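Below you'll find the structure, written out as structure tokens, and then a few comments.
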Amino acid sequence: MTETTDETLVSIAVLKAKPGQREALRQSLLALIEPTRAETGCLDYVLFELREEPGTFYMREAFTSVAALDVHKATPHFQAFKVNAGDLLAEPLRLVVLDRISS
């Protein structure tokens, strides 16, 4: 298990595909995994799809700090995703920030 601190930012990004865009969104999200995991401040970056609602994706993310998340948002791979997101997403990306309660 990765060590976390008070500055660690843990979140879940919720992304819902437009009708007919499920596979394109899935591929775009998968393309973010490897380069994001290579970022210095990335602790966790895992993609899930809601079983009961295909086309609804959850990206579990953990970064060492808000600053590390900001660096992630400025990377070329995230910016490329952002450019195409409007064509893929049925609604704006929702970022759910979590506070850790237990170990």
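All of the numbers you see were taken from the coordinates with simple rules; none came from a lab. From a predicted model like this one, the values you see are computed outputs, not experimental measurements. Cβ: placed from backbone, ideal geometry, glycine included. Neighbour counts: every protein chain shown.
How far is it, in nm, from the label point at Ser102 to the one at Ala67 when both lie 7 Å from their Cα along the line to the Cβ?
That separation, rounded to one decimal, is 3.3 nm.
Percent relative contact order of the chain, based on C-alpha pairs within less than 8 angstrom and at least six residues apart?
Rounded, it is 43 percent for the chain.
Specify whether the C-alpha gyration tensor of segment 47-103 places it in the rounded, prolate or oblate class, a ≥ b ≥ c being the square roots of the eigenvalues: rounded for a/c under 1.5, otherwise prolate if a/b is larger than b/c and oblate if not. Each step should come with its number before you reach the end.
On the way: a/c = 2.47, a/b = 1.11, b/c = 2.23.
Cα axes put segment 47-103 in the oblate bin.
Taking the simple approach of a point 7 Å from Cα along Cα-to-Cβ for both Val83 and Ala13, what is their distance in nm?
1.6 nm
Taking +1 at the Cβ of each Lys and Arg and -1 at the Cβ of each Asp and Glu, which of Asn84, Gly41, Leu9 sits farthest along the dipole of segment 9-98 towards its positive end, judged by Cα position relative to the Cα centre?
Asn84
Hey, if you drop one equal point scatterer on each alpha-carbon of the chain and run the Debye formula without solvent, what base-10 log of I(q)/I(0) do you get at q = 0.13 Å⁻¹?
So the normalised log intensities are -0.46.
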